Amino acid sequence: MVPPFRRLLVANRGEIALRVMRTCRELGIETVAVYSDVDADALHVAAADRAERIGPAPAAESYLSAEAIVAAAERSGAEAIHPGYGFLSESGDFARAVEAARITFVGPPAETLATLGDKLAARRAAADAGVPIVPGLTVALDDDTSESVLAQVGLPLMLKAAAGGGGRGMRRVDRTEELTSALASARREAASAFGDPTIYAERVVAPARHVEVQLLGDRHGGLAVLGERECSVQRRHQKLVEESPAPAISQSQREALADSACRVAGSVAFHNAATVEFLVGADGSHYFLEMNTRLQVEHGVTELVTGLDLVEWQIRVAAGERLSEAVLGAEARGHAIEVRLYAEDPHDGFRPVAGTVGAWRMPGGPGVRVDAGVGAGSILPVEYDPLLAKVLVHADSRPAAVSRLRRALDETLVGGLQTDLSFLRWLVDEPSFVAGDYDTGLVAERWGHGPPLSDEELALAALIARETRHARQATRPPLPAGGATRAWTEAARRAGVDRTPHR
């Protein structure tokens, strides 16, 4: 079979760059990696057929530089550019620059990105398509609208960045006196993260679950609805865990969400992969949040339940192919769950950390998939997202998938830097998660900064801490008899060493 393209440049880094390259290799497409100075020895650079330097470590001067990436594509002779997720993946200006260079952009038209990349414009488009949106404003805030905002939206409200997502530029306002400072703070973060300080306001819908619908469209009018994903386990409004199908969605809700997603997609010139995100209230009603016309971090759970390679179909659609009957008629089989393994401290507000990866052991076995961007000895720069890997499982049922995930996390080992592994191990035993009965408040309400230790655990922690101080030169001090993960975590916190042990 003739490859859709001869050579493709991946305008990203880490696990998503490796993920795209694997599919390209199977399709017989040569790959080009791009890298900043701090990523010269990164795994995605070694995995590519060739690599191009695009600038220094700051993302604004490398991975966010459309000019540098397009120039790298031209130097390397790439026929297409896959943006991955994040960075420039939703930039209409970038897509326009790629098209101007007569290179194929693996994504929707620049005009669609410009419309949907602006969350306010996307809200208006959804409302015009007859899709319910989260109550709030469809115009930007300015310094003179404080009182009118409260009158129109009501409290509590959420301030959001019009140009971005991922929890950045978001601030919750519970009292009138908080609005001015929260607006200023949200604007600063939005300007830093997205280069655009525009902020709007929505009413807080709580309790609620975050559910999204995966779409795949071609240039010939073909549109596949590939089920939904539950994304309600979050910290700082950013996802930590995703699963498909959503565990508490009825068939009628599932059909209503799919219909709304198709309505939004039908309102713009859409082809390629896209995800339409919703909040689902306690009464079962749903509200449009945004439409991301790119690959999602959590695309793997959809791949596991449908058996499809979404990256492959992104590339084929970009080359002008039609979606196959197998894609258009795909149905979910079994249940899949993904957890994100981050270099961050779940006992300190999920604060990101940097450093060098020491010990590294990822799980395997039936129904387990790992998408990782690092390995033993990898340096984790402070300039980028601290995602280390995604651990995914698939089984015939949700209880079996949770059990498989518990086993996979038990097999996981990361040394040298703090990770969220202790939180993930706690989660798979948390009753509401096990039952599938949870919402976006789970982490804040059930975890906080971690469950308190019992008197026995505190005593054991003190003993471990004393012993650990005598073994600081060792790569990893021995675990106490019987495991005692939480006690080890507290002891290692006090001793200043890695506190995410193998349970």
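Does region 331-358 hold any residues that are farther than 16 Å from Arg425 by Cα, of a type in the set (A, V, I, L, M, F, W, C) and in contact with a His (Cβ under 9 Å, 6 or more places away or on another chain), and which are they?
If the condition is that a residue be farther than 16 Å from Arg425 by Cα, of a type in the set (A, V, I, L, M, F, W, C) and in contact with a His (Cβ under 9 Å, 6 or more places away or on another chain), then Ala336 is the only one that fits.
Take Ala42 and tell me if it is open to solvent by 10 Å² or more (accessible area, probe 1.4 Å) and either over 22 Å from Thr356 (Cα atoms) or in the same structural domain as Gln314 (by TED's automatic domain parsing) (or both).
For Ala42, the condition - open to solvent by 10 Å² or more (accessible area, probe 1.4 Å) and either over 22 Å from Thr356 (Cα atoms) or in the same structural domain as Gln314 (by TED's automatic domain parsing) (or both) - is not met.
Might you check whether a residue that is part of a helix (DSSP H, G or I) and of a type in the set (S, T, N, Q) occurs anywhere in region 206-229?
Taking every residue of region 206-229 in turn, none turns out to be part of a helix (DSSP H, G or I) and of a type in the set (S, T, N, Q).
Looking at region 287-308, which of its residues are open to solvent by 30 Å² or more (accessible area, probe 1.4 Å) and either under 27 Å from Thr138 (Cβ atoms) or not in a helix (DSSP H, G or I) (or both)?
Within region 287-308, Tyr287, Glu290, Arg294, Gly307 qualify.
Of all the helices (runs of 4 or more DSSP H) wholly in region 106-164, which have at least 1 residues that are open to solvent by 40 Å² or more (accessible area, probe 1.4 Å) and at pLDDT 90 or above?
In region 106-164, 110-117, 119-128 are the helices (runs of 4 or more DSSP H) which contain 1 or more residues that are open to solvent by 40 Å² or more (accessible area, probe 1.4 Å) and at pLDDT 90 or above.
Output the residues belonging to region 165-197 that are touching a residue at least 24 places away in the same chain (Cβ under 8 Å) and open to solvent by 70 Å² or more (accessible area, probe 1.4 Å).
Across region 165-197, the qualifying residues are Arg168, Arg172, Thr176, Thr180.
For region 405-421, how many residues are open to solvent by less than 10 Å² (accessible area, probe 1.4 Å), farther than 21 Å from Val301 by Cα and of a type in the set (S, T, N, Q)?
Of the residues in region 405-421, 1 are open to solvent by less than 10 Å² (accessible area, probe 1.4 Å), farther than 21 Å from Val301 by Cα and of a type in the set (S, T, N, Q).
In this structure, does Arg236 turn out to be buried (at least 21 other Cβ atoms within 10 Å of the Cβ) and in the same structural domain as Ala332 (by TED's automatic domain parsing)?
No; evaluated as a whole, the condition is false for this residue.
Spot the failing condition for Val428; the list is (1) without any contact (Cβ under 8 Å) to a residue 60 or more places away in the chain; (2) open to solvent by 10 Å² or more (accessible area, probe 1.4 Å), and only one is missed.
Going through the list (1) without any contact (Cβ under 8 Å) to a residue 60 or more places away in the chain; (2) open to solvent by 10 Å² or more (accessible area, probe 1.4 Å), Val428 breaks only (2).
Can you tell me which condition Val311 does not meet? The list is (1) farther than 20 Å from Glu230 by Cα; (2) open to solvent by 10 Å² or more (accessible area, probe 1.4 Å), and all the others hold.
Single failed check for Val311: (2).
Table: residues versus (1) at pLDDT 95 or above; (2) in contact with a Gly (Cβ under 9 Å, 6 or more places away or on another chain).
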position	(1), (2)
Phe270	no, yes
Phe278	yes, no
Arg294	no, yes
Val297	yes, yes
Leu308	yes, no
Val311	yes, no
Val317	yes, yes
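Among the candidates Pro352, Pro346, which residue alone is open to solvent by 40 Å² or more (accessible area, probe 1.4 Å) and either under 19 Å from Arg294 (Cα atoms) or of a type outside the set (Ser, Thr, Tyr) (or both)?
The conditions single out Pro352.
Can you tell me how many residues within region 311-351 are closer than 28 Å to Ala246 by Cβ and in a strand (DSSP E or B)?
The qualifying residues number 9.
Here are some residues: Glu67, Glu79, Glu74, Glu90. Which one is under 23 Å from the mean Cα position of the chain (by Cα), open to solvent by 10 Å² or more (accessible area, probe 1.4 Å) and among the charged types (D, E, K, R)?
Answer to the selection: Glu90.
The values are calculated or read from the model by the stated rules, or taken from the named source; none is laboratory data. On a predicted model such as this, the values are computed, not experimentally measured, just so you know. Glycine also receives a Cβ, built like all others from the backbone with ideal geometry; neighbour counts cover every protein chain displayed. Each accessible area value is taken on the protein alone, full model and side chains, heavy atoms only, with ligands, DNA and RNA left out. Shrake-Rupley method; radii C 1.70, N 1.55, O 1.52, S 1.80 Å.
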